[in-house]
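To start, the structure under review is shown below, and the notes come after it.
The values are calculated or read from the model by the stated rules, or taken from the named source; none is laboratory data. Since we're looking at a predicted model, the values are computed, not measured. Heads up: the accessible areas ignore ligands, DNA and RNA and are worked out on the full protein's heavy atoms, side chains in. Shrake-Rupley method; radii C 1.70, N 1.55, O 1.52, S 1.80 Å.
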Amino acid sequence: MRVLLALSIITSSLIAGLFYAYSCSVNPGLHQLPDDQYIAAMQAINIAIQNGLFFISFFGAMFFLPLSAYMAFSRPFTRRFQLLFAAAVVYIVGVLGVTILGNIPLNETLAVFDLRSANAAEIARQRVLFEGPWNTFHAIRTVCAVAAEVLVVFACLTTEAVSSTGRLS
């Protein structure tokens with residue numbers, strides 16, 4: 001169970017950190033760019049993020065959080081189970097769900113936008129259609145990723161996590 005909890009903390013922390021850092025630095029930096037540079041940068045980022053390290057963390061948290069909750073399941077429900085279950089739900093709905101239903105469709109639309117053949121008005125319109133909604137979805141998934149990570153940490157800190165020998169179980 002300790003290894004599973006560690007993997008839950010690590011994967012959820014990596015995603016929460018990535019999304020948080022993106023919100024604090026990348027999005028504000030990209031916002032300063034002219035429309036054509038913004039579109040080009042987001043197209044490049046959306047390709048670059050699709051890599052094994054990201055997928056291990058992103059889908060790892062989706063796998064390890066519910067598995068940790070399942071492994072902590074007992075009757076009556078323990079505080080650890082409740083926190084892990086809440087973390088899994090928040091992550092699956094608020095991070096995975098928002099990404100799949102919100103960010104990815106916007107990314108796919110942007111991917112097929114031909115920047116080279118578009119005029120300035122079309123580029124500006126594409127940015128307006130993408131940037132605001134994408135940032136809104138990103139803010140939601142960032143809050144949810146951080147919340148899920150905090151819930152997992154609290155689950156590990158519950159008194160149920162300490163055995164009679166004083167060691168984490």
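Volume per residue, Å³, of the convex hull around the alpha-carbon atoms of the chain? Don't skip to the answer; put the middle values down first.
Values: hull volume 16.8 nm³, N = 169.
Convex hull volume per residue, Cα atoms: 99 Å³.
What accessible surface, in Å², does a 1.4 Å probe find on Phe59, ignoring ligands, DNA and RNA and rounding to the nearest 10?
90 Å²
Which of Arg127, Arg80, Arg116 moves most in a GNM of the chain, Cα contacts under 10 Å?
Largest GNM mean-square fluctuation: Arg116.
Through the Karplus equation 6.51 cos²θ - 1.76 cosθ + 1.60, θ set to phi - 60°, convert the phi angles of segment 68-75 into ³J(HN,Hα) values in whole Hz; use x for Gly and Pro.
4, 4, 4, 5, 8, 5, 7, 10
Ignoring everything but the protein chains, give the 1.4 Å probe accessible area of Cys156 in square angstrom, nearest 10.
Approximately 20 Å² for this residue.
Using only the heavy atoms of the protein chains and a 1.4 Å probe, how would Leu129, Leu7, Leu83 rank by accessible area, largest first? Each step should come with its number before you reach the end.
Working: Leu129 85, Leu7 65, Leu83 25 Å².
So the residues, ranked largest to smallest area, are Leu129, Leu7, Leu83.
Using a 1.4 Å probe and counting only protein heavy atoms, arrange Thr159, Thr109 so the residue with the most accessible area comes first.
Numbers: Thr159 120, Thr109 75 Å².
Putting Thr159, Thr109 in descending order of accessible area: Thr159, Thr109.
Which of the three applies to segment 1-54, rounded, prolate or oblate, going by the alpha-carbon gyration tensor with a ≥ b ≥ c and a/c under 1.5 meaning rounded? Let's see the in-between values first.
On the way: a/c = 7.54, a/b = 2.37, b/c = 3.18.
Verdict is oblate for segment 1-54.
Tabulate in residue order the Karplus-calculated ³J(HN,Hα) for segment 138-149, using 6.51 cos²θ - 1.76 cosθ + 1.60 with θ = phi - 60°, rounded to whole Hz; enter x for Gly and Pro.
In residue order, the calculated couplings are 5, 4, 4, 5, 5, 4, 5, 5, 5, 4, 4, 5 Hz.
Under a 10 Å cutoff between Cα atoms, tell me which one of Ser13, Ser117, Ser74 has the largest fluctuation in the Gaussian network model of the chain.
Largest GNM mean-square fluctuation: Ser117.
Whole number in Å², please: accessible area per residue of the chain, 1.4 Å probe, ligands, DNA and RNA not counted. Walk me through the numbers on the way to the answer.
Values: 9340 Å² over 169 residues.
In whole numbers, the chain has 55 Å² accessible per residue.
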